[in-house]
1. Return the aspartates and glutamates within reach of K25: Cα separation strictly under 19 angstrom, same-chain partners fewer than 8 residues apart disregarded; answer none if there are no such residues.
2. Given charges of +1 on the Cβ of Lys and Arg and -1 on the Cβ of Asp and Glu, with all other atoms neutral, how large is the dipole of the chain about its Cα centre, in debye to the nearest 20?
3. What ratio of Cα Rg to 2.2 N^0.38 Å holds for the chain?
4. What number, rounded to the nearest 500 deg cm²/dmol, is the helix-based mean residue ellipticity at 222 nm of the chain, given -39500 (n - 2.57) per DSSP H run of at least four residues and division by all its residues?
5. Is the stretch 24-67 best put as rounded, prolate or oblate by its Cα gyration tensor, with a ≥ b ≥ c the root eigenvalues, rounded for a/c under 1.5, and otherwise prolate when a/b is larger than b/c, oblate when not?
6. Each residue of the stretch 84-101 in turn: what ³J(HN,Hα) in whole Hz from Karplus with 6.51, -1.76, 1.60 and θ = phi - 60°, glycine and Pro shown as x?
7. Can you tell me how much longer the chain between D97 and F36 gets when fully stretched, taken as 0.36 nm per residue apart minus their C-alpha distance, in nm with one decimal?
8. From the backbone phi of the stretch 69-80, what are the Karplus-calculated ³J(HN,Hα) couplings (6.51 cos²θ - 1.76 cosθ + 1.60, θ = phi - 60°) in whole Hz, Gly and Pro given as x?
Amino acid sequence: VEVLCVNDGSSDKTEQVVRQYTDRKSQLYDSRVRYFSQRNRGKPVAVNRGINEMRGKYFTLLDADDLLTAKSISLRVQALKSDPSAEVAIGGFDILDESDMHAGGRSCPDTEDPDYLRRAFYLAYKTPFHLCTCLIHRSILERVGPFDPYLNRCQDGDYAIRCMGATKGVTTVNESVYLYRKHRHSVRSRIKMRLKTARYRPY
């Protein structure tokens, strides 16, 4: 396992926290953790930096202040190893509110047909899965290329669609592998966000 932290110009204590794991003199030092800092250029550029720096066989994305479940990586790796035809393992996720209380979630997709999942991103009211619940084989990253740096929103949806179009097979993990934090306080803010997202939906 390797952990790549890309700081996209944040003004918080990200660097101070991560340096505890990258500083060889620290008691928390862990050689599996690597840290990269850059001026703010947006999520797609930050993710692309991480992909370019990765050395491993599989890729998964951990956004902002979200969390992975304790067995998130091992469950998905096991699923991929159990199905040689699969190149993407997809799990479910739970939603946490501002107080870290459970506020819903979504199970893994009820199909392993990548073409169906790709079409569902265009046609379904809700996206069929969250990109951050995916463990993706490195070969797919090489086939689909980088995240689109010009997308202001829906970068994950765009990339998920491209991965579904490029993969030879999908497997699912019928457990939550990701904890997704939502910070939207009002109905008005949720509607505003959905309208904004709709403009960028990758039709």
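1. Qualifying aspartates and glutamates at Cα under 19 Å: E15.
2. Charge dipole of the chain: 640 debye, to the nearest 20.
3. Dividing the Cα radius of gyration by 2.2 N^0.38 Å gives 1.03.
4. -11000 deg cm²/dmol
5. Since a/c reaches 1.5 and a/b is larger than b/c, the shape of the stretch 24-67 is classed as prolate.
6. Here the 3J(HN,Hα) series is x, 7, 8, 10, 9, 10, 10, x, x, 8, 10, 9, 10, 8, 4, 9, 6, 8 Hz.
7. Working: separation 61, 0.36 × 61 = 21.96 nm, distance 2.88 nm.
Contour length minus Cα-Cα distance gives 19.1 nm.
8. So the Karplus estimates, Gly and Pro as x, are 6, 4, 10, 3, 5, 4, 4, 6, 4, 4, 4, 5 Hz.
The values are calculated or read from the model by the stated rules, or taken from the named source; none is laboratory data. Since the model is a prediction, treat every value here as computed from it, not as a measurement. Note that each Cβ is placed from the backbone with ideal geometry, even for glycine, and that neighbours are counted across all protein chains shown. These area figures cover heavy atoms from the full protein model, side chains too; ligands, DNA and RNA do not enter into them. Shrake-Rupley method; radii C 1.70, N 1.55, O 1.52, S 1.80 Å.
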